[in-house]
Ligand code: NAD
């Protein structure tokens, strides 16, 4: 018997043209609601995947239905902890078997950075929508290939930029767009932490691609873009390396400036070697927004020229994110600024930052 998904594919659309389908089969209200949930498999069941899985317990429009892991012992734990059917767990070798599982709409890649490229492309080839963690890749070329593969396969590619779904950040963006800050005059963004285990993949270039910049500095790059609503035209950067042994392969602390067409300069920094470093300060000629903390798991806190900000902090960021992405995929809501193309813009900026450092802080034009 044909599944609803097969039927849709035959109609020539993706399996996500579900609003049409809902009206076709609205005789079963429960099935309709269930079918309108985005069914997601997490790939790489590490610490971030666990956070996403926990957050998804509270999702209304997205549902965790499986996992891909190289550690079979995780299947029992994950199955009981998150209520996932054991039949929906796969090894990396069996990844392509997901293609034949009609209950999987999208895969969420939560592997180390250098593995994103391979798994996004493999997922796209199976016709599954893809959500990929940040940084989307370890090079501009990889990012372009990932976008091209998803485009060719007709699937969505989203990057895990959860801040775009978080209420304080959304309010900042709303205020900027509404002109409540006036003309943006300056952005100051920094984010970092002291990394622990010297043997972790984050400190290995082959797996991480880079250090603090790729991992958490990317939040500041993205924030400078959503705080100004502009794309930078030049970059200059310098690196401070106070522990050349631990940070032999990847960057430790980087400061950089991003120049925008309006003339605004964003002053940014990131680190893997100290704590208490997390802020986004956006100053316009009519007002300001200061978020601190600004990018961590929350609660985000902030104030503006009007006083303390007070927004909903009751949900995990990933709950908002996954319900938001489900709405885009299932219900055709406009894509937020978290598409593969947005990830590529950040990768180009990262590339320019490393080029500037290599050239002794030279201004790199974008
Ligand atoms: P992690 O080390 O906790 O998990 C990585 C997973 O990948 C593990 O399950 C590990 O077994 C698996 N893996 C498969 N092959 C591997 C290999 N060759 N080497 C190492 N691990 C391998 O890492 P994490 O903190 O969960 O990060 C995973 C991804 O999620 C990264 O891209 C990271 O940037 C991203 N992340 C995003 C956020 C966010 O807030 N958006 C937060 C943390 C991490």
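Give me D for the chain in µm² s⁻¹, whole number, from Stokes-Einstein with Rh from the Kirkwood sum over alpha-carbon pairs, 20 °C and 1.002 mPa s. Don't skip to the end; give the middle numbers.
On the way: Rh = 21.4 Å.
D, rounded to a whole number, is 100 µm²/s.
For every helix of n ≥ 4 consecutive DSSP H residues, a contribution of -39,500 (n - 2.57) applies; sum these over the chain, divide by its total residues, and give [θ] at 222 nm rounded to the nearest 500 deg cm²/dmol. Don't skip to the end; give the middle numbers.
Working: 12 runs with 126 residues, N = 366.
Taking each H run of at least 4 residues, the total per residue is -10500 deg cm²/dmol.
What is the helix-to-structure angle for 116-125, meaning the angle in degrees between its Cα long axis and the longest Cα principal axis of the chain, kept from 0 to 90 and rounded to the nearest 10?
Helix 116-125 and the main axis of the chain meet at about 30 degrees.
Which part of the range 78-118 falls in the paramagnetic zone of residue 71, meaning amide N under 17 Å from the point 7 Å along Cα-to-beta-carbon?
78-82, 89-93, 110-113
Over the alpha carbons of the range 126-238, what is the largest minus smallest coordinate on each principal axis, giving the biggest first in Å?
The Cα atoms of the range 126-238 stretch 44, 40, 29 Å along the principal axes, largest first.
Can you give the convex hull volume of the alpha carbon atoms of the range 140-190 per residue, in Å³? Could you put the intermediate results ahead of the total?
Details: hull volume 7.6 nm³, N = 51.
Normalising the Cα hull of the range 140-190 by residue number yields 148 Å³.
May I ask you to compute the full-extension gain from residue 305 to residue 194, defined as 0.36 nm times their residue separation minus their alpha-carbon distance, rounded to one decimal in nm?
On the way: separation 111, 0.36 × 111 = 39.96 nm, distance 3.17 nm.
Length difference between fully extended and current span is 36.8 nm.
Using a Förster distance of 25 angstrom, determine the FRET efficiency expected from the C-beta separation of residue 47 and residue 86, and round it to 0.05. Walk me through the numbers before you get to the answer.
Details: r = 22 Å, r/R0 = 0.87.
Efficiency, from the Cβ-Cβ distance: 0.70.
Placing one identical point scatterer on every Cα of the range 235-339 and ignoring solvent, what is log10 I(q)/I(0) from the Debye formula at q = 0.11, 0.15, 0.17 Å⁻¹?
-0.57, -0.98, -1.11
Roughly how many nanometres apart are two label points built 7 Å out from the Cα toward the Cβ at residue 118 and residue 238?
If labels sit at residue 118 and residue 238, their model points lie 3.9 nm apart.
Test of understanding: what is the full-extension gain from residue 174 to residue 141, defined as 0.36 nm times their sequence separation minus their Cα-Cα distance? If you can, show how the numbers build up before the last one.
Numbers: separation 33, 0.36 × 33 = 11.88 nm, distance 3.27 nm.
Extra length from residue 174 to residue 141 when fully extended: 8.6 nm.
Only Cα pairs under 8 Å and at least 6 apart count here; give the relative contact order of the chain as a rounded whole percent. List each step's numbers first, then the result.
On the way: 723 pairs, mean separation 68.7, N = 366.
The normalised contact order for the chain reaches 19 percent.
Could you sort 216-227, 290-301 so that the peptide with the highest average Cβ count within 10 Å comes first and the rest follow in order?
Result, highest mean first: 216-227, 290-301.
How tilted is helix 140-153 with respect to the longest principal axis of the chain? Cα atoms for both, answer in degrees (0 to 90, nearest 10).
Long axis of 140-153 versus the principal axis of the chain: about 30 degrees.
R0 = 35 Å: FRET efficiency of residue 313 with residue 97, Cβ-based, nearest 0.05?
Details: r = 39 Å, r/R0 = 1.13.
Computed FRET efficiency for residue 313 and residue 97: 0.35.
With each pseudo-label sitting 7 Å past Cα toward Cβ, what's the residue 148-residue 337 distance in nm, one decimal?
Each label point is offset 7 Å from its Cα along the Cβ direction, giving 2.7 nm.
Using 7 Å Cα-to-Cβ label points, what is the residue 276/residue 58 separation (nm, one decimal)?
2.9
A short reminder: the numbers here are calculations on the coordinates, not readings from a lab. Since we're looking at a predicted model, the values are computed, not measured. Heads up, the Cβs are rebuilt from the backbone with ideal geometry, glycines too, and the neighbour counts pull from every protein chain shown.
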